[in-house]
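K.L.:
Once you've had a glance at the structure underneath, I'll fire off some questions.
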């Protein structure tokens, strides 16, 4: 029986089961954590800064050497119910070296909370960063967001009409989930408990399709996905970019040939890779 987009249940589940698609995923994550520990040992960092009362509503800040630096807030993945902000500390050295303050954003996890609450958490984190930018050596007028996987969804939400488009100058979604209907219908919903009426409110594609001319210009968004991630991930990226462009919003689609769901994120932190260079250009030489 077809469940979504021509897929039966097993095939739909397989489209979003990244650990099954990438058997070495555990070793890759372990490498990220080890590199993150090295980054904490080598760089100045302010850890566990609270933006809320929950123990997971915390920020880890790796400040740039200069004051009034741009700020890049990065949101980790884990399908909204796993992992924590230490997972992406390994990205900090690249951006600190470019005089960008790097912030790793934590948030509450499902099923303790709903996906809507996770969105509210990262929105509150961005609000805190905007209000306290000077306290961490950054500029409130140079605030950018990015994220991977579920974090890509959250970054796209923040750049959209339901996020903080007034506070954010640009963003990047790496392997993001932008249509939550297949997520609601696959095995992931055992942890997420998405309901049918959650989908249009929490899907960046649906929100982009509903944009009106009077919305104004949203922050420019880079959307990228690994070439080996499978047709559903590619569709998620392509449909978001198409919806934003149809609404005359700035969006850049970037391909990562030969990259899987995990090595796609490593490209973001590689200063020689076109994805990293695109993010650096967006921050340091914005066109919008």
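K.L.:
Given the criteria closer than 25 Å to residue 275 by Cα and over 20 Å from the mean Cα position of the chain (by Cα), does residue 64 qualify? Before the answer, list the steps.
P.N.:
Details: closer than 25 Å to residue 275 by Cα: yes; over 20 Å from the mean Cα position of the chain (by Cα): yes.
Answer is yes for this residue.
K.L.:
Another question, if that's okay. So residue 168 fits all but one of (1) in contact with a strand residue (DSSP E or B) (Cβ under 6 Å, 6 or more places away or on another chain); (2) under 15 Å from residue 117 (Cα atoms); (3) assigned to a loop (DSSP other than H, G, I, E, B); what number is the exception?
P.N.:
(2)
K.L.:
Additional query: If only one of 33, 12 is modelled with pLDDT of 95 or more, under 20 Å from the mean Cα position of the chain (by Cα) and either assigned to a helix (DSSP H, G or I) or within 22 Å of residue 175 (Cα to Cα) (or both), which one is it?
P.N.:
Numbers: 12 fails: under 20 Å from the mean Cα position of the chain (by Cα).
The unique qualifying residue is 33.
K.L.:
Oh, and also: Given (1) more than 22 Å from residue 123 (Cα to Cα); (2) at pLDDT below 95; (3) crowded, with 20+ Cβ neighbours inside 10 Å, where does residue 163 come up short, assuming only one miss?
P.N.:
Looking at each condition in turn, residue 163 falls short on (1).
K.L.:
Further question: If I filter the stretch 44-57 for residues that are under 19 Å from residue 265 (Cβ atoms), crowded, with 16+ Cβ neighbours inside 10 Å, free of Cβ contacts under 8 Å to residues at least 60 places away in the same chain and in contact with a strand residue (DSSP E or B) (Cβ under 7 Å, 6 or more places away or on another chain), do I get at least one hit? I'd like the intermediate steps shown before the answer.
P.N.:
Initially, the stretch 44-57 is screened for residues under 19 Å from residue 265 (Cβ atoms), giving none.
No.
K.L.:
Continuing with the same structure: Only one of (1) more than 14 Å from the chain's Cα centre (by Cα); (2) at negative phi fails for residue 230. Which number is that?
P.N.:
Answer for residue 230: the failing condition is (2).
K.L.:
Then there is this: Just checking, which of 218, 194 is more than 15 Å from the chain's Cα centre (by Cα) and either closer than 17 Å to residue 5 by Cβ or at pLDDT below 95 (or both)? If you could, list the steps in order and put the result at the bottom.
P.N.:
On the way: 218 fails: either closer than 17 Å to residue 5 by Cβ or at pLDDT below 95 (or both).
Going through 218, 194 in turn, just one is more than 15 Å from the chain's Cα centre (by Cα) and either closer than 17 Å to residue 5 by Cβ or at pLDDT below 95 (or both): 194.
K.L.:
Right, next: Starting from residues that are assigned to a loop (DSSP other than H, G, I, E, B) and buried (at least 18 other Cβ atoms within 10 Å of the Cβ), keep the ones in the stretch 116-160 and report whichever is modelled with the lowest pLDDT.
P.N.:
Pass one, the stretch 116-160, residues assigned to a loop (DSSP other than H, G, I, E, B): 132, 137, 149, 160.
Then keep just the ones that are buried (at least 18 other Cβ atoms within 10 Å of the Cβ); that gives 137, 149, 160.
Values: 137: 93, 149: 98, 160: 96.
Top of the filtered list is 137.
K.L.:
Restricting attention to the stretch 36-55, report how many residues are under 19 Å from residue 136 (Cβ atoms) and not in a helix (DSSP H, G or I).
P.N.:
10
K.L.:
Now, a different point. Restricting the search to the stretch 86-109, which residues are within 12 Å of the chain's Cα centre (by Cα) and assigned to a helix (DSSP H, G or I)?
P.N.:
Across the stretch 86-109, the qualifying residue is only 88.
K.L.:
Related question: Just to be sure before I move on: is residue 60 under 20 Å from residue 156 (Cβ atoms) and either free of Cβ contacts under 8 Å to residues at least 60 places away in the same chain or outside any loop (DSSP other than H, G, I, E, B) (or both) in the structure I sent?
P.N.:
On the way: under 20 Å from residue 156 (Cβ atoms): no; either free of Cβ contacts under 8 Å to residues at least 60 places away in the same chain or outside any loop (DSSP other than H, G, I, E, B) (or both): yes.
Considered against the rule, which asks whether it is under 20 Å from residue 156 (Cβ atoms) and either free of Cβ contacts under 8 Å to residues at least 60 places away in the same chain or outside any loop (DSSP other than H, G, I, E, B) (or both), residue 60 comes out as no.
K.L.:
Out of all the residues in the stretch 25-42, which are in contact (Cβ under 8 Å) with a residue 12 or more places away in the chain and more than 22 Å from residue 62 (Cα to Cα)?
P.N.:
25, 28
K.L.:
While we're looking at this one, here's another question. Could you run through the stretch 204-239 and say how many residues are farther than 22 Å from residue 264 by Cβ and either buried (at least 18 other Cβ atoms within 10 Å of the Cβ) or free of Cβ contacts under 8 Å to residues at least 60 places away in the same chain (or both)? So that I can check it myself, show each step before the final result.
P.N.:
Looking only at the stretch 204-239, we keep the residues that are farther than 22 Å from residue 264 by Cβ, and these are 206-207, 209-218.
Next cut, either buried (at least 18 other Cβ atoms within 10 Å of the Cβ) or free of Cβ contacts under 8 Å to residues at least 60 places away in the same chain (or both) only: 206-207, 209-216, 218.
Looking only at that region, the number is 11.
K.L.:
For residues in the stretch 245-288 being assigned to a helix (DSSP H, G or I), out of contact with any strand residue (DSSP E or B) (no Cβ under 6 Å at 6 or more places or on another chain) and more than 14 Å from residue 100 (Cβ to Cβ), which is modelled with the lowest pLDDT?
P.N.:
Filtering the stretch 245-288 for residues assigned to a helix (DSSP H, G or I) gives 245-246, 263-268, 274-284.
Subset that is out of contact with any strand residue (DSSP E or B) (no Cβ under 6 Å at 6 or more places or on another chain): 246, 263, 266, 274, 276-277, 280-281, 284.
Add one more test, that the residue is more than 14 Å from residue 100 (Cβ to Cβ), and what stays is 246, 263, 266, 274.
Values: 246: 95, 263: 98, 266: 98, 274: 98.
Among residues in the stretch 245-288 that are assigned to a helix (DSSP H, G or I), out of contact with any strand residue (DSSP E or B) (no Cβ under 6 Å at 6 or more places or on another chain) and more than 14 Å from residue 100 (Cβ to Cβ), the one modelled with the lowest pLDDT is 246.
The values are calculated or read from the model by the stated rules, or taken from the named source; none is laboratory data. Keep in mind it's a predicted model, so treat the numbers as computed, not measured. A quick note on method: Cβ atoms are made from the backbone with ideal geometry, for glycine too, and the neighbour counts reach across all protein chains shown.
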